[in-house]
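Notes for the one structure printed next.
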Amino acid sequence: MLFVFLPVVLFGTVLVYPMLRGTFLAFSSAHGESFSPNPDRLSLNNFRFLLSDRLFWLAAANTFGFALLVSLFQIPLALILAFMLRSIRSAVMPFVRIALLSTHLVGGVFVGLMFLQIVSPSVRSAASFDVLSDPRFTLLILCTITLWTTVGITALHLQSAMRSIDPALYDSARIDGASGTRQFWHVTLPAVRGTACVLWLAGIIASAQLFELPFVLYSQTAGPRGSALTLVMYLFQTGFASGDLRYAAAIAWVMMLLLLVVSVAFVRVSGLARTQTN
Amino acid sequence: MLFSAGKILPILLLLGVAAFVLLASRLTGSSTLSQHPDFIVWTFSPDRVTTYRDSIDVAKFESITGRRVFVRLMSPAVLNLKLASLIDLNQPTDALPDAVEIELSYLGRYFTAQETDARSAVGLLPLDDLLSSSDATLSPARLENCRFLNSVFALPLDVHPVTITYRPDLFLAAGIDIEKATTWTMFIAACQAYQKSSDKKTASTSGIRIGRRALGVQPFNSELAMMILNQRGISLIDSTGKSRLKDQHVLDVASLCARMIASDGITLAHGAADDAWASDLDSGKVAAIITPDWRAQQLTRLAPKLAGKVRMMPLPVLDPLLDVPTSTWGGTVIAIPLHARSTTDSLTFLRVLYLESQQPSELLSANTAIWPKQPLADAFFSGQDICQLQTMLAARVKPRATSSNAVIAQSLLADVIWRASELAEADRGKWLIKALTDADAELSRRIEFRQRRSH
Amino acid sequence: MLWLIGRADIAGLKRVLLDSSWRDAIVNSIFLASIQAVVSTLLAGMMGFAMAKHDFFGRKIVLMGLVFTMLVPAQLLMPGAFEMVMKTGLFDTRLAAIFPGLFSVFGSLLMMQAIARVPDETLHAARLDGCNELRVWWDIVMPQIIPTTTTLAVLSFAAAWNALLWPSLILASESKATAAMWAANVAFNASSGELSDTSFIAAAVLLTMSPVLLLGLLHTNDD
């Protein structure tokens, strides 16, 4: 049983201290900043300010809007893609796999820079239309690029899960006269449900933490009319650009709380917490 | 047995071990900085590395203290991140540099303590004693940038006078002598005339409106407004920490900028790529760009085809009596961390290199704020003496206060100007008054939030 | 990608390959990324096994705790983690650079899902035969989830390879720079106009990215 508890304990200790310090910062408020000689006193000042902070709620709206849009499309697209991959010949498979993996493997900064070159008007000299400076397009651009980056790897994850499905199930479905779509619905989906749910949850959480992409695309600003201001970007600006670590911690905590509500709801609805045994 | 979990883990393990062997064979000795007696300076500018290397002041410093100067170069974001994290620890550590160059826009982050006796809370060493014991005169405008709570925490390293670089060939083709435009109103009129004439030409040749604009600006932010405000020496947050968004002059400048960036205005936002400004001028998408001195240098490298086809002019002004025809853009300061290993040595470093410098000038100095740059190839700028122009302007630059709330103030202003630019010209005035009052209230609220930290 | 390939040429490639700081950086990255991939995948596998097949007291809490830690933005944890590193004197060590990456919560959850699909009967049989948990895990469970393990390992490698923020903060010596840090430095020099040799830049980026992509080739489902 030691073997079981060892990883749990390891994980726990490593993650605890930084989180505790972050919590403490959020609840504290004192004269001066983190290197003030005065002792910190616990207070809810930071949170009170946050409630009326227009920028925070703008960031929250942007972020959750983005996360919602991405999560609506990410898993379904990946599922369909993974299902289609089953019928690809094994000779071609490695190349397909590389292609799908590469969009994720190259890293967020590189993707951002690449798209910058494509979308930036200085390259396409004929256009006087700068899509990056139009606030209506921000969400669309960010979503598209994120989906482009993540659907591939998600599909591969799902494909790994699909491989463990007993082929006999597919055979019996085919014998019963089920078409491809119905096979997908009744055989594939239930079996990969667990993995799909984890991926979905991780996708929502990762989307909520969007930072690198808008950071690079909009040159470290909040974009046109602040439409590219995500929560983590606001966190970064407050913490690093302004040096207000306490308020930054408070922002992080409220953000995590909001996400927690979403996550808990998701876990319950999807039944992720049950040990699934066949 | 080893392969129970698949091929990949053993492969990776093998790779890792191989790499480890390679690394181990190249062990260069202890890496802990405590055994690193060199005097470590952090900088983010490759130019500065060269300057340090060739400087006779550095040699003098090394002979005085017996410590070798080691310059570490890193990108500004990384430098700021590391420095901020180390300073936040608020304890002596060998990881701190002995002297560090900070980009001006990052300096405000350290100026956050609010009590008068919180000089020690800034995390950087106060330099007042050093300055008072020296005869050197530093540019008061630049020194103002480094001042907080009546103490100076850094020394200004350079002045970045801002000018406009333009393409005479494009303007002349439209029959306009843009250098005659010494006020912003005249400048806007001239640019609009240019645009009208070039629109006519391009529309007839291709039927597609290519959208040539006169002036290139940075996207998404309020640099333009900040620049014009600085011509009169006005900062969004003044040196007492109060918000100035409601000021009449801010209103005037906001209105001016809204007019310039409106869809029927004279500006075009550069793409977000780092060198978009250079390629925009190169391709003729814009006929003029805003150039702090370092951009003028970079232009020779980024757009070599423009050699001989550009000229530089001072900025137009709003009020010839009150404003100067130049501004600042960024800047570098050098500071000593409060918990640096040997503050005595660090102070000596600053004294020898900056206050008592004997470096012959290929380092031009404007009021003794050192300006390390190489003279530009005059041929590039059509035979103009760029250095002289910039030196003269550098002496006239007005101060700008540094504040930790600057980022918020600027983004509030940017938002207001952007929205104003989308209104019809007639509606702008009234709307701006209200919008700026609101923005002022918001900014003041935030400033107060950061100050009032009790109960 | 194609634009990059177009810009790179043999001369640029040669310059990058000959640059000893690039070679150092690559070796550093290979070491860090490999170790991180191996250890984090194994740890995640152990964690997943513990969570999936053992209904211990507090299991649900641990699960929620895991999900909760995924919510925390890295930027918030950095000051605290940095302080930990400074206090333990591990600043500028490679160990500190990879340490946070060794504990992959996402990986644990993924492994948990994959292991859940392993039939219980095989596990019971093995335990009855007298295997301890370690053997059950390594000999019975892990072989059944090879596709997931491979995916995780590749991802972990890529994450370690591309990581920029934490290594930049922790590693100070130039000899310890990772490939990503090196490439970022090149990009920084390029954007300030210091470096205008486009073929060098393009080659630098390509060559820095390629090991990760090559590793992707290893990612097969048919081990």
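The values are calculated or read from the model by the stated rules, or taken from the named source; none is laboratory data. Predicted, not measured: the structure shown is a model, and the values here were computed from it. All Cβ positions, even for glycine, are placed from backbone atoms using ideal geometry, and neighbour counts span all protein chains on display. Accessible surface is based on the protein model in full, side chains and every heavy atom, while ligands, DNA and RNA are left aside. Shrake-Rupley method; radii C 1.70, N 1.55, O 1.52, S 1.80 Å.
Descriptive notes on the structure:
- Between B:R72 and B:V41, B:W42, B:T43, the built amide H atoms are under 5 Å apart, and every one of these is 5 or more places off in sequence or on another chain.
- Listed by chain and number, the lysines whose alpha-carbon sits under 19 Å from that of B:K430, ignoring those within fewer than 8 places in the same chain, are B:K246.
- Shape call, segment A:162-278: gyration tensor on alpha carbons, a/c limit 1.5: prolate
- Descending semi-axes in whole angstrom, ellipsoid equivalent of segment C:2-222, from the Cα gyration tensor: 39, 21, 14
- Segment B:128-167 and segment C:12-77 have their alpha-carbon centroids 46 Å apart.
- Contact surface A-C: accessible area buried, both sides summed, square angstrom, 1.4 angstrom probe: 6100
- Quotient of the Cα radius of gyration of segment A:137-197 and 2.2 N^0.38 Å, N being its number of residues: 1.47.
- Residues whose placed amide H lies under 5 Å from that of B:V217, excluding near-sequence neighbours: B:L268, B:A269, B:H270
- Taking only the C-alpha atoms of segment B:58-195, the Rg (one decimal) and the largest Cα-Cα distance, Dmax (whole number), read 22.1, 64 Å.
- Just so you know, the Cα atoms of segment A:54-274 work out to an Rg and Dmax of 20.2, 66 Å.
- By accessible area with a 1.4 Å probe, ligands and nucleic acids excluded, highest first: order of C:H124, B:H270, B:H339: C:H124, B:H339, B:H270
- A quarter of the convex hull surface defined by the alpha-carbon atoms of chain B gives 30.5 nm² as the mean projection.
- Prolate/oblate/rounded call for segment B:387-447, Cα gyration tensor, a/c under 1.5 rounded: oblate
- For the listed residue pairs B:K196/B:K285; B:K309/B:K398; B:K398/B:K434; B:K60/C:K87; B:K82/B:K242, the alpha carbons are over 26 angstrom apart in B:K309/B:K398; B:K398/B:K434; B:K60/C:K87; B:K82/B:K242.
- Contact surface B-C: accessible area buried, both sides summed, square angstrom, 1.4 angstrom probe: 3700
- Contact surface B-A: accessible area buried, both sides summed, square angstrom, 1.4 angstrom probe: 4000
- Cα-based shape type of segment A:196-247, given that a ≥ b ≥ c are square roots of the gyration tensor eigenvalues and the cut on a/c is 1.5: oblate
- Basic side chains Lys and Arg get +1 at the Cβ, acidic Asp and Glu get -1 at the Cβ, and with that the dipole of chain B about its Cα centre reaches some 1000 debye.
- Anchor C:K176: aspartates and glutamates whose Cα lies under 12 Å away (excluding residues fewer than 8 positions away in-chain): C:D24, C:D92
- Under a 5 Å amide H cut-off, with hydrogens placed 1.01 Å from N, B:I164 pairs with B:T291, B:M313, B:L315 among residues at least 5 apart or on other chains.
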